[in-house]
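The values are calculated or read from the model by the stated rules, or taken from the named source; none is laboratory data. Please read all numbers here as calculations on a predicted model, not as lab measurements. FYI the Cβ positions are ideal-geometry reconstructions off the backbone, even for glycines, and counts take in every protein chain you see. Remember, those area values only see protein heavy atoms, side chains included, never the ligands or the DNA or RNA. Shrake-Rupley method; radii C 1.70, N 1.55, O 1.52, S 1.80 Å.
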Amino acid sequence: MYRISLITGDGIGPDLSESAISVLDAIHDNLGLQLKIEKLMAGDLALKKFGQALPDDTLQSIKKSDACMKAPVGESAADVIVVLRRMLDLYANIRPAKSYPGMNALKDNIDLVIVRENTEDLYTGKEFEIANAAVAFRIISESASRKIAKYAFDTARQRNDKKRVTCIHKSNVMRKTDGLFSRVCADVAKQYSDIEFEQMYVDACAMNLIRRPDSFDVMVTTNLFGDILSDEAAEVVGGLGMAPAANIGDSFALFEPVHGAAFDIAGKGIANPSSFILSAKMMFEWLGAKHNDKKCIEAAGKLESAVYGVVKKGIKTRDIGGTKTTKEFTNEIISLL
Ligand code: ATP
């Protein structure tokens, strides 16, 4: 049995959580995969209720679970997810973007994955004010850069036949920090002679993601650039509502949508739950690999086929051009499962 901790989140988080839980229940019923889901609070509501965005009880429950699913949280996101990433050393943020039939991607054959460094850069929150200026520390270490570069090359080795790693940075301006990141990636590349290696400035990359998104395979970058490029990549293949992410460490992992709490559509019952359901798909892939469990791998495949099977039939939520509510869309997925 797998214990799954699930943070229900803010904004559209509760809608997405309800949808994901009913899909996980269907996986449990259909595949006999034993799952124990524990709903937890963190984020704006938790801050209001307990005075802490990440209550101690929530943290302890996450640590006891086999994996965590986290719906988006609101204004207190940095006090929840950024803290969890650092506390649990979830150093790799994996954000895939792929074209699927019926999704109106910019090209038909996009299949890329962004490997984003998840523990440092401007996200360490080391900011202060002096006189009339505000200053932020951008910390890029050799050890974290090496770890994420290796992760990217190992990912490329396990994937399709493109086998290319693109290292994205802005070392012509940030000569020290991105200079280090670029150098370390190039150094790691020497150990992977079977994989093509290229470097690209982040602004050129933002353009190429629109111009020739099908040319990318694995993209490795620092924390902030990875955040921005992954929103762009999600739109390139059809929308944020379909975009999942995994935060992976050596012994634990947390799965969440790429997008935030989307307060503009909160409580309306129209959010696209695919981002969270596909996050569960990534969770099953990770659990399957970790525990050598074929049932988890099967569950991952079934979730992906069901989500995109529904979309292929033209059944869609509003963000991707349809009319279905979160509940109706979820029920369609469950009926395909
Ligand atoms: P953050 O900075 O917190 O990650 P963001 O900048 O990614 O947030 P979001 O609120 O996540 O912004 O998303 C931007 C817009 O995309 C939302 O306002 C919403 O309209 C749309 N959107 C995001 N996720 C979904 C979803 N699951 N279903 C439908 N629409 C969505």
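Quick notes
- Fluctuation leader among LEU240, LEU278, LEU122 - the chain, Gaussian network, Cα springs under 10 angstrom: LEU122
- Here the dipole of the stretch 106-236 is about 460 debye; that uses its Cα centre as origin and unit charges on the Cβ of Lys and Arg (positive) and Asp and Glu (negative).
- Percentage relative contact order, the chain, counting C-alpha pairs under 8 Å, at least six apart: 21 percent
- Accessible-area value, SER141, 1.4 Å probe, nucleic acids and ligands omitted, Å²: 30 Å²
- Couplings 3J(HN,Hα) for the stretch 55-60, derived from phi with the Karplus relation 6.51 cos²θ - 1.76 cosθ + 1.60 (θ = phi - 60°), are x, 4, 4, 4, 4, 5 Hz, where x marks Gly and Pro.
- For the stretch 257-299 and the stretch 63-119, distance of Cα centres in Å: 10 Å
- Close amide H contacts of GLY322 (hydrogens built in the peptide plane, cut-off under 5 Å, sequence separation of 5 or more or a different chain): THR317.
- P(r) tail fraction, the stretch 1-76 - alpha-carbon pairs more than 19 Å apart, %: 36 percent
- For the stretch 106-236, the alpha-carbon coordinates run over 53, 34, 23 Å along the three principal axes, in decreasing order.
- Percent RCO, i.e. relative contact order, over the stretch 26-151, from Cα pairs under 8 Å lying at least 6 residues apart: 16 percent
- Rolling a 1.4 Å probe across the protein heavy atoms gives the chain an accessible surface of 44 Å² per residue.
- For LYS176, the lysines whose Cα comes closer than 27 Å to its Cα, not counting residues fewer than 8 places off in the same chain, are LYS126, LYS147, LYS150, LYS190.
- Positive dipole terminus of the chain, leading residue within GLY249, THR330, ALA262 (C-beta point charges): GLY249
- Taking all protein chains as shown and a probe of 1.4 angstrom, LYS281 keeps an accessible surface of around 30 Å².
- Computed P(r) (all Cα pairs; the stretch 189-297; 5 Å bins; percent): 2, 10, 16, 18, 18, 18, 12, 5, 1, 1, 0
- Within a Gaussian network of the chain (alpha carbon springs, distance under 10 Å), most fluctuating of GLU75, GLU129, GLU298: GLU129
- Among the trypsin sites (Lys or Arg not before Pro) in the stretch 170-220, those located in a DSSP loop and surrounded by at most 16 other Cβ atoms within 10 Å of their own Cβ are ARG175, LYS176, LYS190.
- Bridging of LYS64 to lysines at a Cα separation below 16 Å is possible for LYS36, LYS39, once same-chain residues fewer than 8 apart are set aside.
- Rule-of-thumb Rg ratio for the chain [Cα; 2.2 N^0.38 Å; N residues]: 0.97
- Rounded FRET efficiency, nearest 0.05, which uses the C-beta distance separating LYS327 from LYS126 and R0 of 51 Å: 0.75
- LYS39-ARG157 FRET efficiency (beta carbon distance; Förster radius 35 Å; 0.05 resolution): 0.40
- Rel. contact order, % - alpha carbon contacts under 8 angstrom, at least six apart, the stretch 106-236: 38 percent
- For a straight C-alpha distance cut-off of 18 angstrom, the aspartates and glutamates reachable from LYS162 (same-chain residues fewer than eight places away being disregarded) are ASP108, ASP111, ASP154, ASP194, GLU196, GLU198, ASP214, ASP217.
- Of all accessible heavy-atom area on the chain, the percent that carbon and sulfur account for (1.4 Å): 51 percent
- For the set MET283, MET41, solvent exposure ranked by accessible area (probe 1.4 Å, protein chains only) runs largest to smallest as MET41, MET283.
- The accessible-area ordering, largest first, of the residues ASP187, ASP178 stands as ASP187, ASP178, per a 1.4 angstrom probe.
- Whole-Hz couplings from phi, Karplus 6.51/-1.76/1.60, listed for the stretch 81-89; x for Gly and Pro: 6, 5, 5, 4, 4, 6, 4, 9, 6
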